[in-house]
1. Within 16 Å of the ligand (Cβ to nearest atom) and of a type outside the set (A, V, I, L, M), is that true of E195?
2. Can you pull out every residue in the range 76-112 that is surrounded by fewer than 16 Cβ atoms within 10 Å (Cβ to Cβ) and under 14 Å from the mean Cα position of the chain (by Cα)?
3. Can we say S201 is over 15 Å from the mean Cα position of the chain (by Cα) and either over 21 Å from Y94 (Cα atoms) or crowded, with 22+ Cβ neighbours inside 10 Å (or both)?
4. Restricting the first residue to the range 79-96 and requiring it to be at negative phi, which pairs with a second residue that is of a type in the set (A, V, I, L, M, F, W, C) and part of a helix (DSSP H, G or I) meet a Cβ separation below 7 Å and a spacing of at least six or different chains?
5. State whether one or more residues within the range 30-45 are in contact with a Ser or Thr (Cβ under 6 Å, 6 or more places away or on another chain) and surrounded by 16 or more Cβ atoms within 10 Å (Cβ to Cβ).
6. Please enumerate the residues belonging to the range 276-323 that are within 19 Å of the chain's Cα centre (by Cα), part of a helix (DSSP H, G or I) and of a type in the set (S, T, N, Q).
7. Kindly indicate the residue of the range 216-246 that is within 8 Å of the ligand (Cβ to nearest atom) and of a type outside the set (D, E, K, R) and also nearest to L308 (Cα to Cα) among those meeting that condition.
8. Is it the case, given these coordinates, that D191 is within 27 Å of K280 (Cβ to Cβ) and free of Cβ contacts under 8 Å to residues at least 12 places away in the same chain?
Amino acid sequence: MAKLNIAEKRLPQDGRIEVKLGTQNVDVRVSTLPTTFGERVVMRLLNKSEEALNLREVGLPPDGLELLNHLAQLPNGIILVTGPTGSGKTTTLYSVLAAINKPDINIITIEDPVEYQLKGISQIQVNPKIDLTFARGLRAIVRQDPDVILIGEIRDQETATIAVQSALTGHLVFSTLHTNDSASAITRLVDIGVEPFLISSSVVAVIAQRLVRVLCDHCKEAYTPGVILEGIGITRDQLENHTIYQAKGCEKCFHTGYRGRVGIFEIMHLNEDLKSLILKTYDATQIKQAALQRHMKTLRQSGIEKVLAGTTTIEEVLRVTQQ
Ligand SMILES: [Zn+2]
């Protein structure tokens, strides 16, 4: 079904299955890996309906939503989303595109793979077999003079350089990077080979993202955490004014205690102070410190807000964030 070669069991393979569940089109991404005792399979579900792409529902706090809406209207610049595989980066970026997608805005994407098909957006699938790489596709895209460009991922210097040039010549560019937090994205770009002054003049924001599981509303259980919570950023005051829940499990959630997932975010908006700091240093710790002084919330803090709101558990936040 996934169009894999069933005779080939020695090599890793990737494929996809398109299925219709009721009114929903769901894409199943299949990945196999040969291990000593046989093939290991992971199947990832992607809900392809456009209703799945609502920027209001990805989990951004109100101020983050407002900022992202504002940034998405900018005429040029680079907005990066970072996080490991499966952290919801693509969904967030597609939701932004869906929010700004209008007939008079020309949007082109280059991706590997094209995960959702969006109406009114030109999407290009990277194909290394015929040398259609991110860099080559991107050079061609720029000649078509779109307003907005989405680059699936920045992996190499050439792609990074064209992304920066595009941003400096009047395009709004969205892309992803594999880094742990927002400040490390700057360090990564420098490591890839982008000059700090080019980063400082093109990157407008870096958003780090993770997904936490959402507590099942039918069975979540209020409790008083026994451990000291100050260490993870919950104060005694907060504890007195909020109810904290733990996962229990019921029929509705297949006894997991959770139903669905939601994003937590660390949004580093590069204002003038941070831009001039990047010209002096690309040390992620220093950049992060400076951003925190300017009231950036860390992934951990953003997760704790979701704990205090009764959306998720302390365990979930600790699982996906580090301090
Ligand atoms: Zn439940």
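The values are calculated or read from the model by the stated rules, or taken from the named source; none is laboratory data. Note that the coordinates shown come from a computational prediction; the quantities given were computed from them, not determined experimentally. Reconstructed Cβ throughout: ideal geometry from the backbone, glycine too, with neighbour counts over all protein chains shown.
1. Numbers: within 16 Å of the ligand (Cβ to nearest atom): no; of a type outside the set (A, V, I, L, M): yes.
So E195 does not fit the description; no.
2. Those that are surrounded by fewer than 16 Cβ atoms within 10 Å (Cβ to Cβ) and under 14 Å from the mean Cα position of the chain (by Cα): P84, T85, G86.
3. Numbers: over 15 Å from the mean Cα position of the chain (by Cα): yes; either over 21 Å from Y94 (Cα atoms) or crowded, with 22+ Cβ neighbours inside 10 Å (or both): yes.
The answer is yes for S201.
4. Pairs that qualify, where the first residue is at negative phi and the partner is of a type in the set (A, V, I, L, M, F, W, C) and part of a helix (DSSP H, G or I), are I79/L71; L80/A185; V81/L93; T82/A185; S95/L55; V96/L55; V96/L68.
5. If we filter the range 30-45 for residues that are in contact with a Ser or Thr (Cβ under 6 Å, 6 or more places away or on another chain), which is where we start, we get 39, 41-42.
In the following step, the residues that additionally are surrounded by 16 or more Cβ atoms within 10 Å (Cβ to Cβ) were identified as none.
No - not one qualifying residue is present in the range 30-45.
6. Of everything in the range 276-323, those that are within 19 Å of the chain's Cα centre (by Cα), part of a helix (DSSP H, G or I) and of a type in the set (S, T, N, Q) turn out to be Q301, S302.
7. Among them, the one singled out is C216.
8. Details: within 27 Å of K280 (Cβ to Cβ): yes; free of Cβ contacts under 8 Å to residues at least 12 places away in the same chain: yes.
Spelling it out, D191 is indeed within 27 Å of K280 (Cβ to Cβ) and free of Cβ contacts under 8 Å to residues at least 12 places away in the same chain.
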